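In what follows, a single structure is set out as structure tokens and then discussed.
The values are calculated or read from the model by the stated rules, or taken from the named source; none is laboratory data. What you see is a predicted model; the values in this text were computed from it and never measured. We place every Cβ from the backbone using ideal geometry, glycine too, and count neighbours over all the protein chains shown.
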Amino acid sequence: MSDSPILKKGLEAVQIVALRGEVSARELADAMNLPKSTAHRLLTNLVGVRLLQMARRPEGDHYALGSLVGELSGAAFMWRPLVQHAKPELAAVRDDTGETVAIHMLYGNRRVLLDQVVSYHQLRWVYGHHMAPMPLKAGATGKMFLAMLEPHELEEVLRRELGQAQKRDQAKTLEALRAKIDAIRSQGYSISADELNPGITSIAVPVVQQQTDSLPRAVISLAAPSLRVTDAACKQYVRRLRQAARRIAASMAAAA
């Protein structure tokens, strides 16, 4: 495989910022022997993927390490205690309901499936995309995470994920999505039927509402063929998921 000069320059720039704490475009240009315009484009691209972040100063814009660096360094261990404490409860909910149950974390502005306990039914749902960052704008899990975000975080996600929509449709889409998120936040759980996958209903409740140094925001969910999710079953599943979420949170608190 041939080397990528662009990738090398990007990594070199991140290393320089990490060593110096902050740099301006001129300082990076001098350090890397680049034209200032090239250094500025490089910095802008790195900000776009959150490897760097920009800070406005009276003397001009400066750049520091971005949030993605911390997420990448912490991702290897933050989720492990969460799964360890959740696994028995996921299995218990699966055994009580007969349906597939999973736990997800918020990773940056994406949701990540950490683990699942699969239904014994022949007709069942099995989550895909294990350990792969996925968008938040659709599905019970994604919308539950959206309802858990702070207002400025929510607006950032909505701008990014819906920014490609046509302007005429975007306002209506945003208005409907915000109303849905408000309702989810008020009721404390999220339900999605036939949205991402025809014939599948999913329900999600929060486990970790606020990220800490050792734990990411987290949600547990149940997914099943819609034909089995009657109104009575749905109420039962919500109650059971909430009970499991409380037990997981209590188990983590006791171990802290």
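Being assigned to a helix (DSSP H, G or I), within 14 Å of ALA86 (Cβ to Cβ) and within 19 Å of the chain's Cα centre (by Cα): is that true of ALA250 here?
For ALA250, the condition - assigned to a helix (DSSP H, G or I), within 14 Å of ALA86 (Cβ to Cβ) and within 19 Å of the chain's Cα centre (by Cα) - is not met.
Do the conditions hold for GLY139, that is, is it modelled with pLDDT of 90 or more, within 18 Å of the chain's Cα centre (by Cα) and small (Gly, Ala, Ser)?
yes
Only one of (1) without any contact (Cβ under 8 Å) to a residue 24 or more places away in the chain; (2) buried (at least 17 other Cβ atoms within 10 Å of the Cβ); (3) within 20 Å of the chain's Cα centre (by Cα) fails for ILE103. Which number is that?
Of (1) without any contact (Cβ under 8 Å) to a residue 24 or more places away in the chain; (2) buried (at least 17 other Cβ atoms within 10 Å of the Cβ); (3) within 20 Å of the chain's Cα centre (by Cα), only one is false for ILE103: (1).
Given the residues ARG124, ARG110, ARG56, ARG50, which is the only one that is closer than 30 Å to ALA13 by Cβ and in contact with a Ser or Thr (Cβ under 9 Å, 6 or more places away or on another chain)?
The conditions single out ARG50.
Test ILE220 against the stated conditions and say whether it is in contact with a strand residue (DSSP E or B) (Cβ under 8 Å, 6 or more places away or on another chain), closer than 16 Å to ASP96 by Cα and not charged (D, E, K, R).
Spelling it out, ILE220 is indeed in contact with a strand residue (DSSP E or B) (Cβ under 8 Å, 6 or more places away or on another chain), closer than 16 Å to ASP96 by Cα and not charged (D, E, K, R).
Looking at SER202, SER214, SER192, which one is among the hydroxyl-bearing types (Ser, Thr, Tyr), surrounded by fewer than 19 Cβ atoms within 10 Å (Cβ to Cβ) and touching a helix residue (DSSP H, G or I) at 6+ places or on another chain (Cβ under 9 Å)?
Going through SER202, SER214, SER192 in turn, the sole match is SER214.
Sort through VAL93, VAL47, VAL118 and tell me the only one that's touching a strand residue (DSSP E or B) at 6+ places or on another chain (Cβ under 9 Å), touching a residue at least 12 places away in the same chain (Cβ under 8 Å), of a type in the set (Val, Ile, Thr) and not assigned by TED's automatic domain parsing to the domain that holds GLN236.
VAL47
Do we have LEU146 as in a strand (DSSP E or B), closer than 21 Å to ARG246 by Cα and at pLDDT 95 or above here?
In short, no.
Is it the case that LEU65 is more than 15 Å from VAL219 (Cα to Cα), surrounded by 15 or more Cβ atoms within 10 Å (Cβ to Cβ) and not β-branched (Val, Ile, Thr)?
yes
Looking at VAL49, VAL101, VAL112, VAL93, can you tell me which residue is within 21 Å of HIS130 (Cβ to Cβ) and at pLDDT below 95?
VAL112
To keep it simple, each residue is scored yes or no on (1) hydroxyl-bearing (Ser, Thr, Tyr); (2) farther than 18 Å from VAL126 by Cβ.
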site: TYR189; (1), (2): yes, yes
site: GLU195; (1), (2): no, no
site: SER202; (1), (2): yes, no
site: THR212; (1), (2): yes, yes
site: CYS234; (1), (2): no, yes
site: ALA245; (1), (2): no, yes
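Among the residues of the stretch 87-99, is any farther than 18 Å from SER214 by Cα and in a loop (DSSP other than H, G, I, E, B)?
yes
Do you know which residues across the stretch 194-245 are part of a strand (DSSP E or B), of a type in the set (A, V, I, L, M), at pLDDT 95 or above and closer than 18 Å to PRO88 by Cβ?
If the condition is that a residue be part of a strand (DSSP E or B), of a type in the set (A, V, I, L, M), at pLDDT 95 or above and closer than 18 Å to PRO88 by Cβ, then VAL205, VAL207, ALA218, VAL219, ILE220, LEU222 are the ones that fit.
In this structure, is PRO58 outside the structural domain of ARG228 (by TED's automatic domain parsing) and farther than 27 Å from GLU161 by Cα?
Criteria met by PRO58.
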